[in-house]
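Notes follow once the structure below has been shown.
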Amino acid sequence: MHPTPTTPAGRRAELGARGEQIAVDHLTAAGLTVLDRNWRSGRGELDVVAREHDVLVFCEVKTRSGTGYGTPLQAVTPSKQARLRQLAGRWLAAHDEHAARLRFDVVGVLVVAGHTTVQHLRGAF
């Protein structure tokens with residue numbers, strides 16, 4: 001059974017998808033070219049893979065509807081960072097993309113009472 005928008009899991013999934021689209025719009029407006037979205041390997045997923053000139057950017061998107069559990073950027077823990085590094089290696093092995101440098105960014109999207117705030121932390125880890 002899949003979550004529906006009327007269940008808590010469905011509302012979280014809907015918020016996450018909305019936040020990811022907001023993040024992608026932000027990244028493209030900032031001049032990045034999106035190469036891949038929601039790339040899965042095993043039990044992990046890369047939200048966004050993009051290119052900025054000669055830099056390949058692996059971007060984690062975190063969306064929140066409040067800060068009761070911390071800010072979106074605080075949600076990317078050291079263990080999550082390690083998983084993202086592993087996934088980036090798998091992505092590189094599976095794709096014919098080359099770059100002079102790699103970078104890990106985090107985009108935090110906070111949606112509170114209809115107001116959206118986007119924070120883009122370049123080179124977050």
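No value in this document is a laboratory result; all are computed from the given coordinates. Since we're looking at a predicted model, the values are computed, not measured. Positions of Cβ are generated from backbone atoms using ideal geometry, with glycine treated the same way; all protein chains shown enter the neighbour counts.
Just to confirm the filter: which chymotrypsin sites (Phe, Trp or Tyr not before Pro) across region 1-89 are DSSP coil and have at most 16 other Cβ within 10 angstrom of their Cβ? Before the final figure, lay out the partial values.
Numbers: sites: 39, 58, 69; in loops: 69.
Counting only loop positions with at most 16 other Cβ atoms within 10 Å, the chymotrypsin sites (Phe, Trp or Tyr not before Pro) in region 1-89 are 69.
Quick one: if the Förster radius is 35 Å, what FRET efficiency do residue 67 and residue 98 give, using the C-beta to C-beta distance and rounding to 0.05? Before the final figure, lay out each step's value.
Values: r = 39 Å, r/R0 = 1.11.
E between residue 67 and residue 98, to the nearest 0.05, is 0.35.
Please compute the Kirkwood hydrodynamic radius of region 8-121 from all pairs of different C-alpha atoms, in Å with one decimal. Walk me through the numbers before you get to the answer.
Numbers: mean 1/r = 0.0688 Å⁻¹.
It works out to 14.5 Å.
Whole-Hz ³J(HN,Hα) for each residue in region 57-72, computed from phi via Karplus 6.51 cos²θ - 1.76 cosθ + 1.60 with θ = phi - 60°, x for glycine and proline: what do you get?
10, 9, 10, 9, 10, 10, 10, 9, 9, x, 10, x, 10, x, 6, x
If you keep only loop residues by DSSP, which trypsin sites (Lys or Arg not before Pro) in region 20-63 have at most 14 other Cβ atoms within 10 Å of their Cβ?
In loop regions of region 20-63 (DSSP not H, G, I, E or B), the sparsely surrounded trypsin sites (Lys or Arg not before Pro) are 43.
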